[in-house]
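The values are calculated or read from the model by the stated rules, or taken from the named source; none is laboratory data. Bear in mind that the values here come from a model prediction, so they are computed numbers and not experimental data. All Cβ positions, glycine included, derive from the backbone under ideal geometry; neighbour counts span all protein chains shown. Remember, those area values only see protein heavy atoms, side chains included, never the ligands or the DNA or RNA. Shrake-Rupley method; radii C 1.70, N 1.55, O 1.52, S 1.80 Å.
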Amino acid sequence: MAAYMGSNSVKEVLENSDEIHFYGHHVDDGKLGNRMLQATSETENDIREPFIIGVAGGAASGKTTVCNMIIQQLCDQRVVLVNQDSFYYDLTEEKMNHVHEYNFDHPDAFDIEHLLYCVEKLRHGQAVDVPNYDFRTYKRNLSSRKVNTSDVIILEGILVFHDPRVREMMNMKIFVDADADVRLARRIKRDTLEKGRDIKTILDQYSKFVKPAFDDFILPTKKYADIIVPYSGDNYVAVNLIVQHIHTKLGQHTLCKIYPSVFVIQSTFQVVEHGLGHLPFNEKQIITPTGSIYIGIEFCKKLCGISIIRSGESMETALRECCKGIKIGKILIHRQGDRDQQLIYHNLPEDIADRNVLLLDPILGTGNTAVQAISLLLQKGVQESNIIFLNLISAPQGLHAVCKRFPRVKIVTSEIELGLNSNSQVVPGMGEFGDRYFGTNDD
Ligand SMILES: O=P(O)(O)OC[C@H]1O[C@H](OP(=O)(O)OP(=O)(O)O)[C@H](O)[C@@H]1O
Ligand SMILES: O=c1cc[nH]c(=O)[nH]1
């Protein structure tokens, strides 16, 4: 476990000091302090960004049905649907005169820069005006549609996976797959009814543009999909699985919105570094023994790590890699399922009240253990706002318990899971962490 929590990016330079922890970089290497601050704020922003889903697939493959089913099942969330069709370029008079020669299924038919601009704004919490494209006039209406940002943004369209910049903004990519004959039959029905087109025109357009564009541009983007949904009427199983995943991810968003003290770091590599990034520091310059100038940072206040025995000890190596010589204290709490915890042992730095405390425990289940440990730290005079709880897997129940009781304690975790089972184990989770890490399970 410690191996994947280790710090590769942060170099510790001053050793054997439990008073000063200075980690930095050579003067040529840029500004670590700035990088750390940037990393922290970027990650915080990421957490609050909407969940963006791309839904691609051939024309009339069932994308809209899948999107509607997702929207219906996410009824407790704010969802907005943005259709790539809204970003068709207006046809010029000349193109209008030869409209049957115009390829609406080619990537160049879309104003992708405008689409990118709109999604980028929504992603950063701003409302946008999305154009209203009229298929009868082949032009955007004068009035646009005001779209507010939401918890979930669904971006639907035949070619939404085509541009890598759009793809990169998506948290989940779904490709709706339907046989060519099914797509053609549905297209004929839809275009005659909804767009007032005649069958000959539809078939000409299909063989001339739609089919070649599907083969050349749309089908090749299927490989980018995280999920391929075979369209056969209403695919409830696939949509249920998708919605379940979104709910789990939104659970994180919701908890982070409720509790500004919770930070979810997408990679377990960065839990320790991110935690350190919350501490106040000053930039410091030193001359190394070889006479080079070295710029790093120095924490304003003394630090210590406190691990909750046993599992918290698995995080000590990572902490020591970042802060060599750091004082580490211990707390042992006997956990009995969901019942009261018993404090068995503690060994804390005498001057702990004057330190920032990084509390280490990879699992936050019911939260009882963490609440006991934090209560002990407060009894010893540690300021609540000087405690950062570093964690790998947390259950929503544990987060509620700690955040409600200690709103000023920061929690840095790498995953918020679904919940707890009847044995108070985190689910899906990883079972008994300590047994797995120390090899004391029966398997
Ligand atoms: O939030 P809670 O429901 O209180 O559970 C979390 C506690 O459970 C685990 O320890 P465990 O008791 O399994 O001991 P171990 O680390 O020694 O294996 C974990 O490391 C936490 O300390
Ligand atoms: O899932 C859990 C809950 C508490 N402790 C663990 O090790 N795992």
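Below, the figures for the structure above:
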item: Förster-model FRET efficiency, 45 Å R0, LEU332 and ASP216, C-beta, rounded to 0.05; result: 0.10
item: Counted charge near PRO428, where neighbours are those whose Cβ lies closer than 12 Å (Asp, Glu -1; Lys, Arg +1); result: -2
item: Share, in percent, of DSSP beta bridges within the chain that are antiparallel, nearest 5; result: 40 percent
item: Cα-based helix-to-principal-axis angle, 368-379 vs the chain, degrees rounded to 10; result: 50 degrees
item: Crossing angle, helix 112-123 versus the chain [Cα axis fit, 0-90 degrees, rounded to tens]; result: 40 degrees
item: Fully extended contour minus Cα-Cα distance, from LYS301 to LYS95, at 0.36 nm per residue; result: 67.3 nm
item: Residues in the stretch 116-143 reached by a label modelled at ASP85 [backbone nitrogen below 15 Å; 7 Å Cα→Cβ]; result: 131-141
item: Choice from PRO107, PRO289, PRO260 with maximal GNM fluctuation in the chain (Cα, 10 Å cutoff); result: PRO289
item: Per-pair calculated FRET efficiency, R0 = 22 Å: ARG167 and PHE135 via Cβ, rounded to 0.05; result: 0.25
item: With every protein chain in place, the stretch 173-310: carbon and sulfur % of accessible area (1.4 Å); result: 58 percent
item: C-alpha long axis of helix 396-405 to longest principal axis of the chain, angle in °; result: 50 degrees
item: Partners for LYS200 among lysines (Cα-Cα distance below 18 Å; same-chain residues under 8 apart left out); result: LYS189, LYS208, LYS211
item: Contact order relative to length of the chain, as percent, for alpha carbon pairs under 8 angstrom and 6 or more apart; result: 20 percent
item: Estimated distance in nm for a label pair at LEU193 and PHE438, the labels positioned 7 Å out from Cα along Cα-to-Cβ; result: 6.6 nm
